[in-house]
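Worksheet: the structure to be examined is printed underneath.
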Amino acid sequence: MRENHKMFNKLKDNSGAALLIALSVLAMLTLVAIMSVDRAATDIDLSYNQLHEEQAFYMAEAGANRAVAELNSDLTWTAGFAGEGLGNGTYSVLVTDSFTVPTLVDTIILTATGTALEARAQVEYTVVPEVVYPFSHALFARDAVDIRNSMITDSYNSDSGSYAATHDTTGGSIGSNGIITVYNGAYIGGDVATSLDTGLFIDPGATVTGTISNDAPETELDLIPDSEYDSARINNTAPAGLSGSYTYNSTTGDLTVSSGNLELADGIYYFSSFILKNSASMTLAPGAKVTIYVTGNVEIKNSGGVNVGGVPSDLMFYSQGDIVLKNSGDCYGVFYTPNGSADLRNTADFFGAIVAADMIGHNSSKFHYDRNLADRYERRTGKVELVAWREL
């Protein structure tokens, strides 16, 4: 009996300990559950905040991108945006340019602020005018280049010395977005590159010293805006800057040199047509730099030479029509006609570069690309490009 009583007392003691342990475990589980719920709530709050912070950031980006689009439509746009609604948020954009901060010069700063509920974000875009360098090839045509009959291209650098001293057989490259044909013993001292995968037709008898490719990036030829022609017409140096033998009609703007020599003084000229023929020649006054805008055709045929021995970049032609160089003497200059044709035949030596919509080079013409032109003549496209951005 005594032993049974002792055993009963021991079981009683163990039951109390078990209850205490069970209560302790329950308390711990309850605490863990409370902590888990609290952490889940915190995570939900953080996720909620992060979601709206990201939304605010994308609102700011949307505003900055819209501002870039506005500038590409009108470079004088400075209005910005204030509280523009988008989805469940808004964006505002402040435009800062050289009118407010003169040291910016051509740079424009776009500060965009985005909001989404209580979240706020800011981004800053730095944009500048988009610039292209159209004269990276000796000859470039948007649609087609046709080279035949022993035509030769090579290169030199007028900024470093004479043709004889800087001559190179690897810089006279030809490019196009379309078909390039090189036939009948032509010699291309440089690369031949097109953007058209089926656009190369090179005769086995032709020589190309550089690479041949049909995967070049497509090049968009920048059109000369009418405003630039209007400015040339208003600031026309003709007829005051013309001397020598010529016929100039101030009403129509036609210029013809049938014989003798025409000398041009420094300045900008505007003509409706430009014709040089019958062994006539054209020179620049000492130290002159001349830019000629022609709304019609440029014809240099049967002439005695143009800017002979000069620097090509000193004589620039912009034309809305065609460019014809036939049976002429040496020519030192640069021609740009983004919608016109360039016809080069029976020309002695051409020094410079030509860009056109399409191009023909036949009958032993010799074309010497001036490598100095690659980064000398820059043109603005009328658009802006993003050069840097940051989150504020």
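The values are calculated or read from the model by the stated rules, or taken from the named source; none is laboratory data. As the structure is a prediction and not an experimental result, all values here were calculated from the model. Note that each Cβ is placed from the backbone with ideal geometry, even for glycine, and that neighbours are counted across all protein chains shown.
Give just the number: which of (1) in contact (Cβ under 8 Å) with a residue 40 or more places away in the chain; (2) surrounded by 17 or more Cβ atoms within 10 Å (Cβ to Cβ); (3) part of a strand (DSSP E or B); (4) not hydrophobic (A, V, I, L, M, F, W, C) does PRO129 not satisfy? Going through (1) in contact (Cβ under 8 Å) with a residue 40 or more places away in the chain; (2) surrounded by 17 or more Cβ atoms within 10 Å (Cβ to Cβ); (3) part of a strand (DSSP E or B); (4) not hydrophobic (A, V, I, L, M, F, W, C) one by one, PRO129 breaks only (2).
Residue-by-condition table, conditions (1) of a type in the set (Gly, Ala, Ser); (2) over 22 Å from ARG345 (Cβ atoms); (3) surrounded by fewer than 22 Cβ atoms within 10 Å (Cβ to Cβ):
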| site | (1), (2), (3) |
| --- | --- |
| SER273 | yes, no, yes |
| LYS277 | no, no, yes |
| THR283 | no, yes, yes |
| ASN307 | no, no, no |
| VAL311 | no, yes, yes |
| PHE317 | no, no, no |
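The residues of region 108-132 that are farther than 20 Å from ALA60 by Cα and not charged (D, E, K, R), listed by number, are PRO129, VAL131, VAL132.
Total residues in region 132-142 satisfying the condition of being under 16 Å from ILE179 (Cα atoms), part of a strand (DSSP E or B) and not small (Gly, Ala, Ser): the figure is 3.
When you look at ASN65, is it modelled with pLDDT of 90 or more and in the same structural domain as VAL101 (by TED's automatic domain parsing), yes or no? The answer is yes for ASN65.
For region 143-205, the strands (runs of 3 or more DSSP E) that sit wholly inside it and include 2 or more residues that are among the hydroxyl-bearing types (Ser, Thr, Tyr), touching a residue at least 12 places away in the same chain (Cβ under 8 Å) and surrounded by 23 or more Cβ atoms within 10 Å (Cβ to Cβ) are 152-156. Taken across region 369-384, residues that are free of Cβ contacts under 8 Å to residues at least 60 places away in the same chain and on the phi > 0 side of the Ramachandran plot do not occur at all.
Looking across region 102-124 at every residue that is part of a loop (DSSP other than H, G, I, E, B) and over 19 Å from LEU386 (Cα atoms), the one that is modelled with the highest pLDDT is identified as LEU117. Evaluating ASP322 against the criteria (1) at pLDDT below 90; (2) out of contact with any helix residue (DSSP H, G or I) (no Cβ under 9 Å at 6 or more places or on another chain) leaves one unmet condition, (1).
Selection of strands (runs of 3 or more DSSP E) fully inside region 290-351 by the criterion of at least 3 residues being of a type in the set (Lys, Arg) and out of contact with any strand residue (DSSP E or B) (no Cβ under 7 Å at 6 or more places or on another chain) returns nothing.
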